[in-house]
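Beneath this line is the structure, given in structure tokens, with notes to follow.
The values are calculated or read from the model by the stated rules, or taken from the named source; none is laboratory data. Since we're looking at a predicted model, the values are computed, not measured. In this analysis, Cβ positions are derived from the backbone assuming ideal geometry, glycine residues included, and neighbour counts consider all displayed protein chains.
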Amino acid sequence: MEQAYDELIRWATDQGVELHGIASKRIPGRGMGMVATQDIKANERLLLVPISCLRGIENVPPEIKNAFPKDAKVHGILAAELALEEKATSSSSESSYAASVASKKKYAAWNAVVPASEDISDSLPLTWDPQLHDYLPGAALSLLRGQEIKFTRDWELFQKCIPATKWRFITKDDYKYHWLLVNTRTFYHVNPRTAKRPDEDHMVLLPVADLFNHADHGCEFAWSGGSCTFTANRDYAEGEEVYFSYGHHSNDFLLVEYGFVLDENEWDAVNIDDAVLAEMTNEQKEHLEANGYLGSYILDERTPGCYRTQVALRLLCCPFEQWESFLEEGEDEDERVQENVNRLLQTILRKFLEKVNRNIKGLQNLKVGRDCQREMLLLRWRQIYELVTRTIAKL
Ligand SMILES: C[S@@+](CC[C@H](N)C(=O)[O-])C[C@H]1O[C@@H](n2cnc3c(N)ncnc32)[C@H](O)[C@@H]1O
């Protein structure tokens, strides 16, 4: 397998990719990653990838791209290309798609190193037994529901646009695997020809750059002229893993979109909507909705109860007129209100911890899904337990 990576780097170097002081390396629990092969100083350039290497909508073979309507999602089309390309190279299909796609050997070295379908299905909740979805934290579950809608939309369009004779060898699971490969490996890129497309369509695959694993802080990334460059955000010692940050994402987001959670994550957050809204009457919820404060109640390490939570809980702690004045002024008329809000939040969080414990116990007794999937969920709930407990102590 390591040979395939050497082949990728040889191919990439021929395409003009430059690696300075980093190399790909297998990292336990994280697949491949990028590691410093020498001491690196902050601001040193680590990787340059010319635009000619990227795989975006403009490089999709016309026989695939033109089969889709103009407003089809780039995500779905790239997944179609990867799925058709894999079938073309792995089967003796005689379809014209297969033949023409197989002739596009340009990305063969990249195709050889992407994670196997078992790696994707072990880690990404979209592929898990639906009974495990009941154990996802609320924020992760709503992200997953959104992902399911997008995936179904793209899969249905694929079946409609690529005639049956061409796709009969591609199952829903094959397509899902390629769709998730695109989901976990794309970067954001706009050019004047793609600028009019909606934001979510500015996805491109970037061979070699997609070997960087994520951390909450990582090297800097910029497009300029005809290439993209990655620059060290700090000093690295030889042998250290060099990360790229995929964004300021919570662990619930990382779990659903990328299939992992971080131990240390400055951007981690827990959504406590269900716990807060369980305390409200319908009338109180209507007031919150009318004022734009229904839901998105977040706990993180910086704020023991975000501003939205503060607004919602004041509805339970003070007379309505006083609540309206807090909305207008952003501060309490009576300073004792904050103490009442803190006490109420502690009570709500203690009840929330009971739910967290029920999920942990339920997962410990569950036999559904694979061990690694249940362990990932257990890890996430334990992180939530810790964060909520720290918040209670701060209040
Ligand atoms: C862009 S790829 C990075 C390269 C990938 N590790 C590989 O083997 O090809 C993103 C995927 O890498 C893995 N990954 C990235 N950062 C990670 C981290 N900090 N911990 C665990 N897995 C990580 C996840 O499977 C994620 O979906």
May I ask you to verify whether Gly295 is within 30 Å of Ala209 (Cβ to Cβ) and more than 16 Å from the ligand (Cβ to nearest atom)?
no
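This table checks each residue for (1) away from the ligand (no atom under 11 Å from the Cβ); (2) over 23 Å from the mean Cα position of the chain (by Cα).
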site	(1), (2)
His248	yes, no
Phe260	no, no
Glu266	yes, no
Lys285	yes, yes
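Filter region 269-283 down to residues that are among the polar types (S, T, N, Q) and outside any loop (DSSP other than H, G, I, E, B) and give me whichever is farthest from the chain's Cα centre (by Cα).
Going through region 269-283, the residues among the polar types (S, T, N, Q) turn out to be 271, 281-282.
Still in the list and also outside any loop (DSSP other than H, G, I, E, B): 271, 282.
On the way: Asn271: 17, Asn282: 34 Å.
Residue satisfying both the conditions and the ranking: Asn282.
What tally of residues in region 94-126 results from selecting those that are outside any helix (DSSP H, G or I), modelled with pLDDT under 85 and surrounded by fewer than 19 Cβ atoms within 10 Å (Cβ to Cβ)? Steps first, please.
To start, the set of residues in region 94-126 that are outside any helix (DSSP H, G or I) comprises 94-95, 103-104, 112-116, 124.
Now drop any that are not modelled with pLDDT under 85, which leaves 94-95, 103-104.
Now narrow it down to the ones that are surrounded by fewer than 19 Cβ atoms within 10 Å (Cβ to Cβ): 94, 103-104.
Adding up the residues that qualify gives 3.
Each row is one residue, and each column tells you yes or no for (1) touching a Lys or Arg at 6+ places or on another chain (Cβ under 7 Å); (2) aliphatic (A, V, I, L, M); (3) within 30 Å of Asp119 (Cβ to Cβ); (4) not in a helix (DSSP H, G or I).
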position: Val311; (1), (2), (3), (4): no, yes, no, no
position: Gln346; (1), (2), (3), (4): no, no, no, no
position: Gln364; (1), (2), (3), (4): no, no, yes, no
position: Gln383; (1), (2), (3), (4): no, no, yes, no
Quick check, is Lys176 out of contact with any helix residue (DSSP H, G or I) (no Cβ under 9 Å at 6 or more places or on another chain), assigned by TED's automatic domain parsing to the domain that holds Gly146 and either assigned to a helix (DSSP H, G or I) or away from the ligand (no atom under 12 Å from the Cβ) (or both)?
no
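State all residues of region 231-252 that are among the hydrophobic types (A, V, I, L, M, F, W, C) and surrounded by fewer than 20 Cβ atoms within 10 Å (Cβ to Cβ); if no residue qualifies, say none.
So in region 231-252, the residues among the hydrophobic types (A, V, I, L, M, F, W, C) come out as 232, 237, 242, 244.
Passing the criteria: only Ala237.
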Condition first: modelled with pLDDT of 95 or more, on the phi > 0 side of the Ramachandran plot, within 28 Å of the chain's Cα centre (by Cα) and not assigned by TED's automatic domain parsing to the domain that holds Cys161. Can you find one or more residues in region 29-47 that meet it?
yes
Pull out all pairs, ordered by first then second residue, where Cβ-Cβ is under 7 Å, the residues are six or more apart or on different chains, the first lies in region 135-148 and is within 23 Å of Leu181 (Cβ to Cβ), and the second is of a type in the set (D, E, K, R) and not in a helix (DSSP H, G or I).
none
